[in-house]
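One structure is given here, and the rest of the page talks about it.
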Amino acid sequence: MNFLIPAGHEKTTGAVSGNLIEEALTEQLSEKIVKVLKEQGHKAVEPDFNLFDEVSKANFATYIKDFDYVLEVHFNSYNGAATGTEIYVADGITNIGVEKAIMKRMSKWFKLRDADGVKTAKFKTLMAMKGKVDAALLEVSFIDSKTDMAIYLKNIDAIAKDIAYGVLEGFGIPIKVIAPPAPAAPVIPKQDPSNGPYTTPEGQKLWFRAIEGSYETRQ
């Protein structure tokens, strides 16, 4: 399948809390989601433009028709008084199997807002894509919630994987088991066989001990 994973507030700022900036968080997370989808054998793109700014352009409909699903990534904000995750589809959309699957995965990390976490809205980007491509806007968590962000910042890669896996599960696509890369063979530095210094294959440096002290080389 072919996925578009736009970072919310690309080239703007979005919500800010302390040293956390929504634009930076969404771009990082979108790239990680794209990486997982590609590892699973699919096409995926994190565009270098703000989707909100693109919807009024003449070629927007032509651009998005090439994708099977669009997931716009955002972080919520509410004066530090709210927590949790939620996802939006365009007003009037009733086919929300993919979004439910994403929320099921996200519920491992954050509480779901309003029952199952899936909502409808008349957001400009969602309404522009309605009837042209399946799309959703994910509010990962609250950028101004210390509780949410402590969880998120500690588990970014795992959360990105769960979002990508949720998308695939929502479409009924099996998750492939990706074997970890084989460990690299240890690099042993060139050594003088007579005078050292000497390093074991495990990387441990060996020393010669003399009465006066410890030295790397025999001299």
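The values are calculated or read from the model by the stated rules, or taken from the named source; none is laboratory data. Note that the structure is predicted; figures quoted are calculated from it, not measured. With ideal geometry, Cβ positions are generated from the backbone for all residues, glycine too; neighbour counts draw on all protein chains shown. Side chains included, ligands, DNA and RNA excluded: accessible areas come from the protein's heavy atoms. Shrake-Rupley method; radii C 1.70, N 1.55, O 1.52, S 1.80 Å.
Leaving out ligands and nucleic acids, and using a 1.4 Å probe, what accessible area per residue does the stretch 52-110 come to in Å²? Numbers along the way, then the final one.
Values: 2890 Å² over 59 residues.
The answer is 49 Å² per residue.
Say R0 is 35 Å: what FRET efficiency, to the nearest 0.05, do LYS111 and LYS43 get from their beta-carbon distance?
With R0 = 35 Å, the Cβ-Cβ based efficiency is 0.60.
So what's the angle, to the nearest 10 degrees on a 0 to 90 scale, between helix 22-39 and the longest Cα principal axis of the chain?
Long axis of 22-39 versus the principal axis of the chain: about 80 degrees.
With a point put 7 Å past each Cα toward its Cβ, work out how far PHE171 is from LYS100 in nm, to one decimal.
Placing both labels 7 Å along Cα→Cβ, they lie 1.9 nm apart.
Counting each DSSP H run of 4 or more residues in the chain as -39500 (n - 2.57), what helix-only mean residue ellipticity at 222 nm follows after dividing by all residues, to the nearest 500 deg cm²/dmol?
Details: 7 runs with 67 residues, N = 219.
About -9000 deg cm²/dmol.
Using only Cα atoms and rounding to the nearest 10 degrees, what angle (0 to 90) does helix 156-170 make with the longest principal axis of the chain?
50
Taking Cα atoms of the stretch 40-102, Rg/Rh with Kirkwood Rh, to two decimals?
Values: Rg = 14.6 Å, Rh = 14.7 Å.
Rounded to two decimals, Rg over Rh is 0.99.
Taking the highest mean first, how do the peptides 52-63, 114-125, 23-34 order by number of other beta carbon atoms within 10 angstrom per residue?
Values: 52-63: 12.7, 114-125: 15.3, 23-34: 20.8.
Highest to lowest by the protection proxy: 23-34, 114-125, 52-63.
Based on the Kirkwood radius over alpha-carbon pairs, what value in µm²/s does the Stokes-Einstein equation return for the translational diffusion coefficient of the stretch 104-166 at 10 °C and 1.306 mPa s?
D, rounded to a whole number, is 120 µm²/s.
Given a cut-off of 31 Å, what percent of all Cα-Cα pairs of the chain lie beyond it?
So the pairs more than 31 Å apart make up 34 percent of the total in the chain.
Compute the convex hull volume of the Cα atoms of the stretch 29-137, divide it by the residue count, and report the result per residue in Å³ as a whole number.
126
Just the number, please: carbon plus sulfur as a percent of the accessible area of the chain, 1.4 Å probe, no ligands or DNA/RNA counted. Can you show the working numbers first?
On the way: 6510 of 12140 Å².
Answer for the chain is 54 percent, counting heavy atoms of protein chains only.
On a 18 Å Cα-Cα criterion, which of the cross-link pairs LYS100/LYS176; LYS11/LYS130; LYS38/LYS124; LYS57/LYS132 come out too long? Please list the in-between numbers first.
Values: LYS100/LYS176 21 Å; LYS11/LYS130 24 Å; LYS38/LYS124 28 Å; LYS57/LYS132 15 Å.
Cα-Cα > 18 Å for LYS100/LYS176; LYS11/LYS130; LYS38/LYS124; rest within.
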